[in-house]
1. Could you check the stretch 1-24 and list, in sequence order, the residues that are in contact with a Lys or Arg (Cβ under 7 Å, 6 or more places away or on another chain), surrounded by fewer than 14 Cβ atoms within 10 Å (Cβ to Cβ) and not in a loop (DSSP other than H, G, I, E, B)?
2. Leu206 is checked against (1) under 30 Å from Gly74 (Cβ atoms); (2) at pLDDT below 80; (3) not basic (Lys, Arg) and fails just one. What number does that condition carry?
3. Given the conditions (1) touching a Cys at 6+ places or on another chain (Cβ under 6 Å); (2) open to solvent by 60 Å² or more (accessible area, probe 1.4 Å), which single one is not true for Ile75?
4. Can you tell me which residue in the stretch 25-58 is nearest to the chain's Cα centre (by Cα), limited to those that are in a loop (DSSP other than H, G, I, E, B) and polar (S, T, N, Q)?
5. Could you figure out which of (1) farther than 30 Å from Glu98 by Cα; (2) in contact with a Phe, Trp or Tyr (Cβ under 8 Å, 6 or more places away or on another chain); (3) among the aromatic types (Phe, Trp, Tyr) isn't true of Phe35?
6. All but one of (1) assigned to a helix (DSSP H, G or I); (2) among the small types (Gly, Ala, Ser); (3) farther than 16 Å from Ile184 by Cβ hold for Ala61; state the number of the condition that does not hold.
Amino acid sequence: MNVLSYPLRYLTLKDEDKHALFRRNGLAVFLVAAFLTLPFLLPGANYFGDDGFLDRFGSVAAVLTGFYVAALVGIASFPSSLGDLDDVMEVGKVFGRECDDDGNPVALTRRQYVCAMFGYLAFMCLSVSTAAVLLVVVTDVTKSSFLQALPDQWTSAAWFEKNFVWVVRAVFIGLLNLAIAHMIVTTFHGLYYLIERLYDKKPELLPKAECGSQSGPPNDTV
């Protein structure tokens, strides 16, 4: 797999029902994307411009990249005894693309799963912050040069002026916000594992007390 796209291997992970893992919480991702998109379908809403939504979120994403990388380094360096990190996940198994000698998918350990998750999040944040810088810088130039490069009969058409640009802008905003929404929902999964699941250990039985052992101090003899 290409090194540049290796963090995207998280999108190839599957659950026990062989469903792509990125599809989970699909409704939540869609609702978050819709919540982020609807305000910017109104006239005058600043999404691509300077100090607009993408500009502000790009700054936040740049900061989050460092957080995700730090979390990735921390998880990779945690000792194996902490929460059975290197044991296969028993509840909610996750499978990668690798297969064993019998051709069955190999289940991931907690460490592998969380590292894949935060590697994907770091990649997405870096991509979003880079895209935000580029789009904010070129948005005004692109807007003017794009319209000037089109044939006159297109730019003079009332339908084009009222609908085409608005539709293209809405679709582009929706796709960007869909990626951002998936990043937000996946972040909550990562926080859940860092807070709760990562430290869970298998219950262990305490050693049985020997027969005839006394719990208190011996009695004084008279």
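1. Ala20
2. Condition (1) is where Leu206 drops out.
3. Every condition holds for Ile75 apart from (2).
4. Asn25
5. (2)
6. That leaves (3) as the condition not met.
The values are calculated or read from the model by the stated rules, or taken from the named source; none is laboratory data. Please read these numbers as outputs of a predicted model, since none were measured by experiment. In this analysis, Cβ positions are derived from the backbone assuming ideal geometry, glycine residues included, and neighbour counts consider all displayed protein chains. Protein only, heavy atoms only, side chains kept; ligands, DNA and RNA dropped before computing areas. Shrake-Rupley method; radii C 1.70, N 1.55, O 1.52, S 1.80 Å.
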